[in-house]
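Note sheet for the following structure.
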Amino acid sequence: MRLHQAQSLLLIVDFQAGLLPVIDGGESAIEEATWLAGVANAVKVPVWLTEQYPERLGGTTPALLNALGDHRIWQKHHFSAMEETAFAEALAEQGPKQVIICGTEAHICVLQSALGLLEAGYQVFWLSEATASRRSDEARLARERACANGAVAVTADMVAYEWLYRCDTPLFKDVHQRFLKPRSPRAVTFF
């Protein structure tokens, strides 16, 4: 199945200041999530963030918040965002069928949120390079488990190009110039 911009929502789970110092690959995961959030804002895909027990773990890291455009933050105490009634109801009301998910920790809150989304009938896309845990093996196993249950592993580039769909529009040219072309080391060199 292909991602459709009009049916998508980007869910960024628990990139919190108090947790990130112990996350293996946390900085690069934030960079990827921030980059895709910028593309999401440009193509009008909603961006939602969650914060797990922010009283203890702190809020979303400023490195991510300062780079975001439009977004919505949900605080939670359940590991799965879908167990938070207000979140689940707002998601159903928003109406996306496809949820691109990333964040920390992959094997706890991201995995449980992904499984909850799948159980509720959403198509879940696991943003691999923007999902991390304290130990890389746990992040890998979490992705494998999510995918074995119906999620689809994707990269930020896959998502961006599927949202854009075609290369001959003013939107593509704008997003390509702002996000795709200068990106390195995988800079895009067509057009």
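The values are calculated or read from the model by the stated rules, or taken from the named source; none is laboratory data. In this text, all values refer to a predicted model and were calculated from it rather than measured experimentally. Quick reminder, even Gly has a Cβ in these numbers, built from the backbone with ideal geometry, and neighbours come from all protein chains shown.
Does any residue of segment 171-184 turn out to be in contact with a helix residue (DSSP H, G or I) (Cβ under 9 Å, 6 or more places away or on another chain) and without any contact (Cβ under 8 Å) to a residue 12 or more places away in the chain? Checked against the condition, which is being in contact with a helix residue (DSSP H, G or I) (Cβ under 9 Å, 6 or more places away or on another chain) and without any contact (Cβ under 8 Å) to a residue 12 or more places away in the chain, segment 171-184 yields at least one hit. For segment 124-141, the set of residues classified as surrounded by 23 or more Cβ atoms within 10 Å (Cβ to Cβ) and under 10 Å from His107 (Cα atoms) consists of Thr131, Ala132, Ser133, Ala139, listed by residue number. For residues that are in a helix (DSSP H, G or I) and among the charged types (D, E, K, R), scanning just segment 136-166, find the one that is nearest to Ala33 (Cα to Cα). Here the answer is Asp157. Can we say Ala132 is closer than 28 Å to Pro21 by Cα, at pLDDT 95 or above, in contact with a strand residue (DSSP E or B) (Cβ under 7 Å, 6 or more places away or on another chain) and among the aliphatic types (A, V, I, L, M)? In short, no. For segment 16-38, the set of residues classified as touching a strand residue (DSSP E or B) at 6+ places or on another chain (Cβ under 6 Å) and either in a loop (DSSP other than H, G, I, E, B) or under 19 Å from Asp137 (Cα atoms) (or both) consists of Ala29 only. Output the residues belonging to segment 71-104 that are crowded, with 22+ Cβ neighbours inside 10 Å and under 14 Å from Phe15 (Cβ atoms). Of everything in segment 71-104, those that are crowded, with 22+ Cβ neighbours inside 10 Å and under 14 Å from Phe15 (Cβ atoms) turn out to be Ala81, Ile101, Cys102, Gly103, Thr104.
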